[in-house]
Every structure is written in C-alpha cells, then in structure tokens.
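All remarks here apply to the structure that follows.
The values are calculated or read from the model by the stated rules, or taken from the named source; none is laboratory data. In this text the structure is predicted, and so the values were computed from the model without any measurement. In this analysis, Cβ positions are derived from the backbone assuming ideal geometry, glycine residues included, and neighbour counts consider all displayed protein chains. Protein only, heavy atoms only, side chains kept; ligands, DNA and RNA dropped before computing areas. Shrake-Rupley method; radii C 1.70, N 1.55, O 1.52, S 1.80 Å.
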Amino acid sequence: MSDTQTQAPSRDDFAAMLEASFAGQDLAEGTVVKGRVTAVENDFVTVDVGLKTEGRIPLREFTGPGSTAPAVGDEVEVYLERIENALGDAVISRDKARREESWDRLEKAFGTKDPVNGAIVGRVKGGFTVDLGGASAFLPGSQVDIRPVRDVGPLMNIEQPFAILKMDRPRGNIVVSRRAVLEESRAEQRAELVGQLAEGEAREGVVKNITDYGAFVDLGGIDGLLHVTDMSWSRVGHPSEVVEVGQTVKVQIIRINPETQRISLGMKQLMSDPWEGIAAKYPVNATFKGRVTNIAEYGAFVELEPGVEGLVHVSEMSWTKKNVHPGKIVSTSEEVEVMVLDVDSDKRRISLGIKQTQGNPWDRLAEKHPIGSTVEGEVKNITEFGLFVGIDDDIDGMVHLSDIDWNKSGDAAVQDFNKGDIVKAKVLDIDVDKERVSLGIKQLGGDPMDESGVRRGQTLTVTVSEITSGGIEVTFGDDNTMKSFIRKSDLSRDRDEQRPERFAVGDKIDAKVTNIDKSSRRVSLSIKALQIAEEKEAVEQYGSSDSGASLGDILGAALQQQEPKSTDRKPSDETATGSEEADEKVEEKVEEASDDVDFDKMTKAQLVEYAEANGIDIVKSAKVAEVREAVKAGAGK
C-alpha cells in the first residue's frame, strides 16, 4: 500500500479498523482473561490481552513458590482491573488472577475438608503468612507444629500441606493449620503402631526427652513414657542418673491405654526381681550392713542390696535420743549395721532397727544404779513438772516437783535449780519397758516429819513466823524447819481472845497437836484444844466444873487449910493436924471432880469441843443426838 492509500483508507480498511477497535470491548473489568507475553525486560513482563494497549506486570508476580518466569510468546492468565487508565494503558495483575483461581480451589477444599498445599513465606505478629498458590493465609504460631517450635527457618518457603480452619472471601481472610495435618497423620500412624504393640513385649527405643518424673522413649514413630520408678529396682533420684537423651535403651511395654493410646514402659521389668525370696534372704532378728540412701522426718531408708531397701523408723534408731530428727543420728551414704524387725513380701517392705544392734543401756542402768542408790548428774532440762538429770549413756532421770524438797512447794523448790547444775539424787524407780527413771532429791535426807517425833495429842512449843487475818503461821522442830498454821478459831477457847493480832512474830506459844496428815504433810495445831485439855485435867484433879468454884478457889482453900490456926500448938502437931485437914478437903473436891460429866445438858458445840479435846472421833455434820452418843461412847472407854 502506497503512502497515498494509507493516508486515504478505503471503506474496507475503515471497517476493519473499526472491528478491531471493538474487539476488546468483550473484555470485562474484574475478570480473569488470557494474554500473551510480548516482552520481558526491566523486571516487568509486557502482556497483550487484545486491548488498544498492552499491560505491564512486575516480574515478581510470576516468580512465586513453585512458579518460573514466563518467556516471550507464553500464554498467561491475568486479572483485568481496568481496560484503560489515565495514561491509556491496560491495568492487569498476575497475582490477582492467581488469587481468584486459588479462592475457587480453596473454597472447594474447605467444603470437603481436604488439606491444601502452600508455603510459609513470611512472619507477622502472632504467626506467619502462608502462600496457598496465590491466596495469602494466616498461620497462628500455635498451629505450626504439635510441640512448640523455636526455629521456623527450616520450614520457610517449603511447599507442605495445610488444613483450612476458617475462610472469609469478602474480607479476604484465611486461617490455616499445619498442626492439624500433623496430628491427623500422627493419629493414623500411632493407631497403626499401637496395633502392632503388645503388653509385655520388649522393644528398643531412643530416649527423646527427660523430665523430673521420667523419660520419653521413641519406639519408631510413637513415644512411650518410662517412669522413674520403672527404671531400676533400686532408688533413683533423677531419671538422668540412669538414661540420657539419644541413648538407645531396651524397654518392656507395661501397659497400653486403648482410649488415650498412651504407652507405659519399664526397664526394671527386664531384670530379675530382687524381692523374690526376700523373707528367706533376710530373716527376722538377723543383722546386716547397709547404706543409708534417704533420710525423712519419720526415719531413714537403708539399702541392703541394689533394689532392696528397708526403713529404720526414728523410734528404732537410738535407745536414748528421743524426738530428734533422723539426720542427727545418721547421714546419707553412711554404712550402718541394722537388724531385721519385720518382712512383708507382699507390700515389699522391710522394717529395720539400729538400736537393736547395740546394747540396751537401760538394762545396764538397773545393774549399775539399783533402786535406792545415789546418783550425781547435770540438770539437763527444767520443765513445768520437774527436773531432768543426766545419769549415764545419755539417759536422763526425772525429779518430780513433789520429790525436790520436803517443806517447800514444787514450784518454789524448782526455782533453786538452774540448767547445768550438778545435783545428787536418789533412784526411786526404774521402768525399763517405758524407759523411765524416777529420781528424788529430798529422799537423800530423812523426812523431817518422822524425825521430829511429833505425835497426836502432844503439846508443842512453837514460834510465830507470820500473822494473817485467818490465823497465824508457826514453826517448830529442829531449826524450826517444820511449819503449821493455827486457824483463828483455834487461837483460844474464849472468842474474845481469838484475835491473830494479839500475837507478834517471834512469840513462843504452846499448842496441842490435833491431827497429823503425812500424805499432805500437814500438822494441825490448836491453842484452844490445849486450853480445854488443861482445864479438864485440873477439873478432874481438884473439882467439878459446875460446882461454882474455880481452880484457884479450890487450891486457895486447900492451902489455907494447911496454915497454922494457933501458936499454942506444937509446930509438929499443928503442921500434922493442918495437913490432914487440908488433905481431906482436897480429897473431897477431887472426888466431886471425878463425877461423870452430864453430856445430856451440853450443846452440840460443847460436845464437839469436848470430842476434839479428848481425841474422840465424831462426825461433825451428824445430828446432836448422834454426836452426843459418840462422845459418851468415847468418854466411856
């Protein structure tokens, strides 16, 4: 065609050009169309999709995972965003074309719950970005693997299967999981492997992980737990003492849980049981040597041989050391001599004793310090109920509060001692079974009450030591070591004289012993009883209590009869005559005083006083008639 013809096209040329211009009008924006690569240069790929102008796509949109760069002439699918932009160019995208294609494919896979292939291409907050063949998905960090993964580098840009957990096309959100695929695969593999295993079977495995309670062993695609108690018949402190990571071990399948598919393994089951025939090997009362493996508050464990341990209870460790921690008697790894006390093969228990291998110091104590002997020792402890005094071989004897002093109360007597004092004591009792020794300090000297010779009805001269509103306290005996209390009502027969204040500290007075109670170590004294006794004695000798004449009158009259009546008589005659007359008068008065007392006219108070003064036992709370009969009976003896 000439230049003239080109500048003046014919009708046919115009129709062809018009048809060509309308040929691209069938292409709709927002759809995937096919195009041909016309050029690849400067990191861009030029694609002709049949529009007025060609479109340009970055080369990186063609070179994703599993894709290669296109060549000139290749036919590719692209997404038509706009037919023409402001510059007159077509706006197309390879990524969006792949994304649309991927969404259709992923929706079908999501509906059938089939896994889809993809590759981890980047890291974002909380997880990773996965390219699912053009569509981007989010992979949470917890869904990467069954166990936490510290380094995800080896998994990057590698095509692998993922399960779609959630997808929202309008928002363009897809959530995938690699863990779900692994768990499903593992469950299938585990079920297959579990079906191949049998309880009691021995297999080899590799230690994958060690914890405080055991080790996980890989049996070829499935893990089993080797508990620390099933590693050895002997005591194991930590699993790392027996196995290490990567070690190949031979184990026995103890138990398989079909529901959870958990497998329990054991190593000691492949060894001979040391507890077989244990009763014959370690008979009761036999002595053996062993090593202390563990110490607890209640005792110590002693290994007799590998896999066989016995317990030495804290009560079987020492004859003398009580209430102490076992760690103060034995130490870990120490070799000790023990005696077998009991064997229980069914419960796999052996009771041992250490103190039984030693002599019982309590038996020696009874021989060395028999009852009644005197011992000397240090005050080890002072308690609310007495003193503990060390004797021999760490044996302590107890001095009770009541055995410290004859006269002082226990609380007062214990104040005289301090921890560490050296004291002497008398052995009162030895109980070997209960492991107790009773000592007494006051028993070293005689009982002041026995040595004083005080008896009931005796008259004592006492010294006033203290005056109270209720009576007076007095002392008596050798060195005034014994004490008694005279009540206010016993201070005098006369009520007006029953006043404690009429006495002074240091006064010496006479009182009658009315009662002696050795159990309570109490001597009862009464001035009133002494006065009544003295009056009774005088009345019995010189007159009657109801004659109207006092003892002074009786004696005065008798003395007057002895005086001479006249100077004419001879001294000898006068004296004889006066003496005879006086004797006759006294005898008459004495005869009158010796008459029986009229108990029927006495009141109950008078009867009680009479009984106390004469040592007659009565019941004070009884009726008057009963008291009167008791007094009459006592007076008639």
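Could you look through region 354-369, keep only residues that are outside any helix (DSSP H, G or I) and touching a residue at least 40 places away in the same chain (Cβ under 8 Å), and pick out the one that is surrounded by the fewest Cβ atoms within 10 Å (Cβ to Cβ)? In this case the residue turns out to be N360.
Summed over region 318-327, the residues that are open to solvent by 80 Å² or more (accessible area, probe 1.4 Å) and farther than 18 Å from N294 by Cα give a count of 3. Can you confirm whether region 328-337 contains a residue that is surrounded by 16 or more Cβ atoms within 10 Å (Cβ to Cβ), β-branched (V, I, T) and touching a helix residue (DSSP H, G or I) at 6+ places or on another chain (Cβ under 7 Å)? Among the residues of region 328-337, not one is surrounded by 16 or more Cβ atoms within 10 Å (Cβ to Cβ), β-branched (V, I, T) and touching a helix residue (DSSP H, G or I) at 6+ places or on another chain (Cβ under 7 Å), which makes the answer no.
Just wondering, is there one or more residues in region 165-186 that are over 55 Å from the mean Cα position of the chain (by Cα), assigned to a strand (DSSP E or B), modelled with pLDDT of 85 or more and under 25 Å from I57 (Cα atoms)? Yes, region 165-186 has at least one match.
When you scan region 141-160, do you find a residue that is open to solvent by less than 40 Å² (accessible area, probe 1.4 Å) and over 30 Å from F216 (Cα atoms), even just one? There is no residue in region 141-160 that is open to solvent by less than 40 Å² (accessible area, probe 1.4 Å) and over 30 Å from F216 (Cα atoms). Restricting attention to region 309-331, the residues that are of a type outside the set (D, E, K, R) and not in a loop (DSSP other than H, G, I, E, B) add up to 8. Selection of first residues in region 140-169 that are touching a residue at least 40 places away in the same chain (Cβ under 8 Å) and of second residues that are among the aromatic types (F, W, Y), restricted to Cβ pairs under 9 Å at least 6 apart or on distinct chains, gives the following pairs, ordered by first then second residue: I164/F110; M167/W103; M167/F110; R169/W103. Among the residues making up region 162-190, a single one is among the hydrophobic types (A, V, I, L, M, F, W, C) and open to solvent by 80 Å² or more (accessible area, probe 1.4 Å): L165.
Filtering T6, T31, T63, T38 for residues that are of a type in the set (V, I, T) and at pLDDT 75 or above leaves a single hit, T38.
Beta carbons closer than 8 Å, at least 6 apart along the sequence or on distinct chains, pair a first residue in region 30-50 that is of a type in the set (K, R) with a second that is surrounded by fewer than 13 Cβ atoms within 10 Å (Cβ to Cβ) for K34/E75; R36/G73; R36/E75.
For V121, the requirement of being β-branched (V, I, T) and either touching a Gly at 6+ places or on another chain (Cβ under 6 Å) or without any contact (Cβ under 8 Å) to a residue 40 or more places away in the chain (or both) is not met.
Restricting attention to region 401-431, the residues that are assigned to a loop (DSSP other than H, G, I, E, B) and modelled with pLDDT of 80 or more add up to 7.
Enumerate the pairs (first residue in region 172-191 and touching a residue at least 12 places away in the same chain (Cβ under 8 Å) and over 23 Å from G220 (Cβ atoms); second residue anywhere and open to solvent by 60 Å² or more (accessible area, probe 1.4 Å) and not in a loop (DSSP other than H, G, I, E, B)) with beta-carbon separation below 7 Å, excluding pairs fewer than 6 apart on the same chain, so at least 6 apart or on different chains. Between residues of region 172-191 that are touching a residue at least 12 places away in the same chain (Cβ under 8 Å) and over 23 Å from G220 (Cβ atoms) and residues that are open to solvent by 60 Å² or more (accessible area, probe 1.4 Å) and not in a loop (DSSP other than H, G, I, E, B), the close pairs are I174/F138; V175/F138; V175/L165; V175/K166; V176/L165; S177/L165. Looking across region 457-497 at every residue that is within 57 Å of the chain's Cα centre (by Cα) and small (G, A, S), the one that is most open to solvent (accessible area, probe 1.4 Å) is identified as S469. When S351, S373, S345, S315 are screened for being under 27 Å from the mean Cα position of the chain (by Cα) and surrounded by fewer than 15 Cβ atoms within 10 Å (Cβ to Cβ), only S315 passes.
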